[in-house]
Amino acid sequence: MVPVRTVSDFDGVFSTMARERADGFLVSSSPLTNAQRAPLADLALAHRLPGIFANKANMEAGGLMSYGADFNYMYRHAALYVDKILNGEKPADLPVEQASRYELAIKS
(Lines give C-alpha, C1' and ligand atoms only; values in the text may rest on other atoms or scores of the structure.)
Protein backbone atom coordinates (compact mmCIF):
# COMPACT_ATOMS: atom_id res chain seq x y z
CA MET A 1 0.00 0.00 0.00
CA VAL A 2 1.45 3.33 -1.06
CA PRO A 3 -0.18 6.62 -0.09
CA VAL A 4 -0.67 9.31 -2.72
CA ARG A 5 -1.53 12.85 -1.69
CA THR A 6 -0.66 14.90 -4.77
CA VAL A 7 -0.02 14.42 -8.48
CA SER A 8 3.70 14.81 -7.82
CA ASP A 9 3.58 11.55 -5.80
CA PHE A 10 2.56 9.50 -8.85
CA ASP A 11 6.05 9.12 -10.38
CA GLY A 12 7.59 7.91 -7.14
CA VAL A 13 4.76 5.47 -6.49
CA PHE A 14 5.05 3.90 -9.92
CA SER A 15 8.85 3.72 -9.60
CA THR A 16 8.41 1.96 -6.24
CA MET A 17 5.94 -0.52 -7.73
CA ALA A 18 8.31 -1.24 -10.63
CA ARG A 19 11.30 -1.65 -8.30
CA GLU A 20 9.34 -4.04 -6.07
CA ARG A 21 8.02 -5.90 -9.14
CA ALA A 22 4.34 -5.34 -8.47
CA ASP A 23 2.05 -7.34 -10.73
CA GLY A 24 -0.58 -4.60 -10.83
CA PHE A 25 -2.28 -1.95 -8.76
CA LEU A 26 -5.66 -0.99 -7.35
CA VAL A 27 -6.80 2.63 -7.13
CA SER A 28 -9.70 3.63 -4.91
CA SER A 29 -11.96 6.46 -5.96
CA SER A 30 -10.95 9.91 -4.75
CA PRO A 31 -11.10 13.45 -6.11
CA LEU A 32 -7.38 13.24 -6.91
CA THR A 33 -7.46 9.93 -8.78
CA ASN A 34 -10.71 10.79 -10.57
CA ALA A 35 -9.33 14.13 -11.79
CA GLN A 36 -5.93 12.72 -12.82
CA ARG A 37 -7.11 9.89 -15.06
CA ALA A 38 -4.75 10.55 -17.96
CA PRO A 39 -1.51 10.77 -15.92
CA LEU A 40 -2.38 7.55 -14.09
CA ALA A 41 -3.11 5.76 -17.36
CA ASP A 42 0.11 7.07 -18.94
CA LEU A 43 2.22 5.91 -15.98
CA ALA A 44 0.53 2.51 -15.94
CA LEU A 45 1.34 2.05 -19.63
CA ALA A 46 4.90 3.33 -19.24
CA HIS A 47 5.56 0.89 -16.37
CA ARG A 48 3.53 -1.90 -17.99
CA LEU A 49 1.36 -2.35 -14.90
CA PRO A 50 -2.30 -3.30 -15.17
CA GLY A 51 -4.53 -1.02 -13.12
CA ILE A 52 -7.89 -1.67 -11.53
CA PHE A 53 -9.90 1.42 -10.67
CA ALA A 54 -13.05 2.20 -8.71
CA ASN A 55 -14.19 4.72 -11.32
CA LYS A 56 -15.14 3.71 -14.88
CA ALA A 57 -13.74 6.97 -16.27
CA ASN A 58 -10.24 5.85 -15.22
CA MET A 59 -10.64 2.65 -17.23
CA GLU A 60 -11.85 4.66 -20.21
CA ALA A 61 -8.72 6.83 -19.90
CA GLY A 62 -6.47 3.76 -20.24
CA GLY A 63 -6.76 1.60 -17.12
CA LEU A 64 -7.25 -2.13 -17.51
CA MET A 65 -10.58 -2.38 -15.69
CA SER A 66 -12.89 -0.80 -13.16
CA TYR A 67 -15.37 -1.97 -10.59
CA GLY A 68 -17.36 0.54 -8.61
CA ALA A 69 -20.56 2.41 -8.06
CA ASP A 70 -22.53 3.40 -11.17
CA PHE A 71 -22.19 7.18 -10.91
CA ASN A 72 -24.72 7.90 -13.67
CA TYR A 73 -27.35 5.94 -11.76
CA MET A 74 -26.41 7.71 -8.51
CA TYR A 75 -26.77 11.14 -10.14
CA ARG A 76 -30.19 10.28 -11.52
CA HIS A 77 -31.22 8.91 -8.14
CA ALA A 78 -30.06 12.13 -6.47
CA ALA A 79 -32.57 13.99 -8.63
CA LEU A 80 -35.34 12.13 -6.79
CA TYR A 81 -34.07 13.62 -3.54
CA VAL A 82 -34.00 17.10 -5.04
CA ASP A 83 -37.58 16.63 -6.21
CA LYS A 84 -38.69 15.55 -2.73
CA ILE A 85 -36.99 18.55 -1.11
CA LEU A 86 -38.46 20.99 -3.63
CA ASN A 87 -41.88 19.49 -2.90
CA GLY A 88 -41.59 20.24 0.80
CA GLU A 89 -39.89 17.29 2.46
CA LYS A 90 -37.23 18.11 5.03
CA PRO A 91 -33.75 16.88 4.07
CA ALA A 92 -33.20 15.63 7.64
CA ASP A 93 -36.22 13.33 7.24
CA LEU A 94 -34.89 11.63 4.11
CA PRO A 95 -32.98 8.38 4.59
CA VAL A 96 -29.27 8.16 3.87
CA GLU A 97 -28.60 5.68 1.09
CA GLN A 98 -25.52 3.98 -0.18
CA ALA A 99 -24.76 2.91 -3.73
CA SER A 100 -26.91 0.00 -4.80
CA ARG A 101 -25.77 -0.43 -8.40
CA TYR A 102 -22.21 -1.32 -9.36
CA GLU A 103 -20.61 -1.87 -12.71
CA LEU A 104 -17.65 -3.86 -13.97
CA ALA A 105 -15.87 -2.53 -17.05
CA ILE A 106 -12.94 -4.23 -18.77
CA LYS A 107 -10.83 -2.65 -21.51
CA SER A 108 -11.24 -4.54 -24.75
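The values are calculated or read from the model by the stated rules, or taken from the named source; none is laboratory data. On a predicted model such as this, the values are computed, not experimentally measured, just so you know. Cβ placement follows ideal geometry from the backbone for every residue including glycine, while neighbour counts extend to all protein chains displayed. Heads up: the accessible areas ignore ligands, DNA and RNA and are worked out on the full protein's heavy atoms, side chains in. Shrake-Rupley method; radii C 1.70, N 1.55, O 1.52, S 1.80 Å.
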Checklist entry - Of all residues in the stretch 1-22, which are surrounded by 11 or more Cβ atoms within 10 Å (Cβ to Cβ) and farther than 19 Å from Arg37 by Cα? => result Thr16, Ala18, Ala22
Next on the checklist: Let me confirm something: among Lys84, Lys56, which residue is within 25 Å of Val96 (Cα to Cα), touching a helix residue (DSSP H, G or I) at 6+ places or on another chain (Cβ under 8 Å), basic (Lys, Arg) and open to solvent by 60 Å² or more (accessible area, probe 1.4 Å)?
Outcome noted: Lys56
Checklist outcome for this item: So, first residue closer than 16 Å to Met17 by Cβ and free of Cβ contacts under 8 Å to residues at least 12 places away in the same chain in the stretch 36-60, second residue assigned to a helix (DSSP H, G or I) and open to solvent by 30 Å² or more (accessible area, probe 1.4 Å), Cβ within less than 9 Å, six or more apart or across chains; the pairs are Arg48/Ala18
Checklist entry - Hey, does the stretch 94-106 have a residue that's among the acidic types (Asp, Glu) and open to solvent by less than 60 Å² (accessible area, probe 1.4 Å)? => result yes
Checklist entry - Can you name the residue in the stretch 23-46 that is in a helix (DSSP H, G or I) and charged (D, E, K, R) and, of all such residues, is surrounded by the fewest Cβ atoms within 10 Å (Cβ to Cβ)? => result Asp42
Next on the checklist: Six or more apart or on different chains, Cβ atoms under 7 Å: show the pairs whose first residue is in the stretch 64-90 and under 23 Å from Ala54 (Cβ atoms) and part of a helix (DSSP H, G or I) and whose second is open to solvent by 80 Å² or more (accessible area, probe 1.4 Å) and of a type outside the set (A, V, I, L, M, F, W, C).
Outcome noted: Tyr73/Arg101
